Amino acid sequence: MRLYLSSYELGNHPSTFTALVRGSGHGWLIMNALDGADLEVRHRETARQISNLARLGLAASELDLRVHDAESLSATFAHPDFLWVRGGSVFTLRAALARSGADALIVEQLGLDAFVYAGFSAGACVLAPSLAGLEACDSTEDAMSLYGTVAFDGLGILDRPFVPHLRSPKHPESAALTRVAKGYALEDKPYWALRDGDALVVDGNRVALL
């Protein structure tokens, strides 16, 4: 399994991400954490993410989970070298993954080490065993209005919650996520604590917080 999970954007170690990528460097960009955003904002942000990846030598195309079910997604998904999953609302992203069947497909393919899963903020948080506690930072309203459901189960790829933007005063969610982290600590629940710039990297049996 190969993971590059950043607190914010590509983080301070993008070369570590690219070193994990095998093949020709073609992959999918998943933007569904922004399903509740203004369409023009989403369009600009999609273009920006593709451009950022291109500067690393990676060619990404958007995989919009809104237009897929499990059958069509399986046919479209093919054999990417990486996924880049943008942050936003973790609950909206989780609902999109579930409705499209992408959650099961990602778990299966990561088990086969078929591609690198990479992303930031909500794109990393969704891999936890549970999303409980993150409602203190991310509203569940968009997930409910867009998908009619709110799920608190994560994909279970990580062994503990992923808490980004800690000790990152320039990020508007830093204070809210500090409260989330304190809640986990009060429950004696371990979690991955990242400040902006940090990345959690998994390469087979090697796990490193950079």
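The values are calculated or read from the model by the stated rules, or taken from the named source; none is laboratory data. Note that the coordinates shown come from a computational prediction; the quantities given were computed from them, not determined experimentally. All Cβ positions, even for glycine, are placed from backbone atoms using ideal geometry, and neighbour counts span all protein chains on display. When the accessible area is computed, the model is the full protein with side chains, heavy atoms only, and any ligands, DNA or RNA have been set aside. Shrake-Rupley method; radii C 1.70, N 1.55, O 1.52, S 1.80 Å.
So here's what we get for this one:
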{"item": "Shape of region 98-165, Cα gyration tensor, a/c cut at 1.5", "result": "oblate"}
{"item": "Test item: Cα-centred dipole of region 36-86, Lys/Arg +1 and Asp/Glu -1 on Cβ, debye", "result": "280"}
{"item": "Prolate/oblate/rounded label for region 34-84 (Cα gyration tensor, a/c 1.5)", "result": "oblate"}
{"item": "Ranking by accessible area, most exposed first, for His68, His26, His13 with a 1.4 Å probe", "result": "His26, His13, His68"}
{"item": "Viscosity 0.890 mPa s, temperature 25 °C, Stokes-Einstein D of region 73-207 from Kirkwood C-alpha radius, µm²/s", "result": "159"}
{"item": "Separation in nanometres of the label points that stand 7 Å from Cα toward Cβ, at Thr76 and Arg22", "result": "2.6"}
{"item": "Region 43-99 versus region 141-210: alpha-carbon centroid distance in Å", "result": "20"}
{"item": "Two-site label geometry, Leu105 and Leu39: point separation in nm, points 7 Å out along Cα→Cβ", "result": "2.4"}
{"item": "Share antiparallel - DSSP beta bridges, the chain, percent rounded to 5", "result": "35"}
{"item": "Spin-label pair Glu187/Ser51, simplified geometry with 7 Å Cα→Cβ offset, distance in nm", "result": "4.0"}
{"item": "Rounded, prolate or oblate (a/c below 1.5 giving rounded, otherwise prolate when a/b exceeds b/c) for region 23-109 by Cα gyration tensor", "result": "oblate"}
{"item": "Rounded to the nearest 10 Å², the accessible area of Val67 at probe 1.4 Å", "result": "100"}
{"item": "15 Å beta-carbon shell around Ala176, net charge (K/R +1, D/E -1)", "result": "+1"}
{"item": "Per residue accessible area of region 1-149, 1.4 Å probe, in Å²", "result": "40"}
{"item": "Mean Cα-pair separation over length for region 48-117, i.e. relative contact order, pairs under 8 Å, 6 or more apart, %", "result": "36"}
{"item": "Surface share of carbon and sulfur [accessible, 1.4 angstrom probe, percent] for region 108-210", "result": "52"}
